[in-house]
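These notes are about the structure you will find just below.
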Amino acid sequence: MFWWLIGIIVCLLLWGSLFRSNFSLAFGITFGVLFAIVLSYLVRPYVIDMNSIPVWLPPLPLATIAIALFIYGAVVWFRGEDNLPKPKADASDNHH
């Protein structure tokens, strides 16, 4: 119990220092922890009773990573073109 409490305090101190240095990362960690808490309550009945594990539960971590990478790729696909440098006009393109 004592080491668990020390681990929680160290994690909270690191998380608090992230809010000052990198707010986006700390905000993402906040949502990630909240998502993990909700997911753990949804999966807990299947983990406690080992006889009734559904087919979708073992590949859930890989599927979650694949979906997250797909969403990230889609966001980069649509928002990435705005960040590309614009092509410069060549002198040979101007036919006067």
Practice task
For residues that are hydrophobic (A, V, I, L, M, F, W, C), surrounded by 11 or more Cβ atoms within 10 Å (Cβ to Cβ) and either in contact (Cβ under 8 Å) with a residue 60 or more places away in the chain or assigned to a helix (DSSP H, G or I) (or both), tally how many sit in segment 15-56.
Solution key: 11
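For segment 44-61, enumerate the residues that are of a type in the set (Phe, Trp, Tyr) and either modelled with pLDDT under 75 or touching a Pro at 6+ places or on another chain (Cβ under 9 Å) (or both).
46, the sole residue that qualifies.
The values are calculated or read from the model by the stated rules, or taken from the named source; none is laboratory data. The structure presented is a predicted model; accordingly, all values stated were derived computationally and were not measured. FYI the Cβ positions are ideal-geometry reconstructions off the backbone, even for glycines, and counts take in every protein chain you see.
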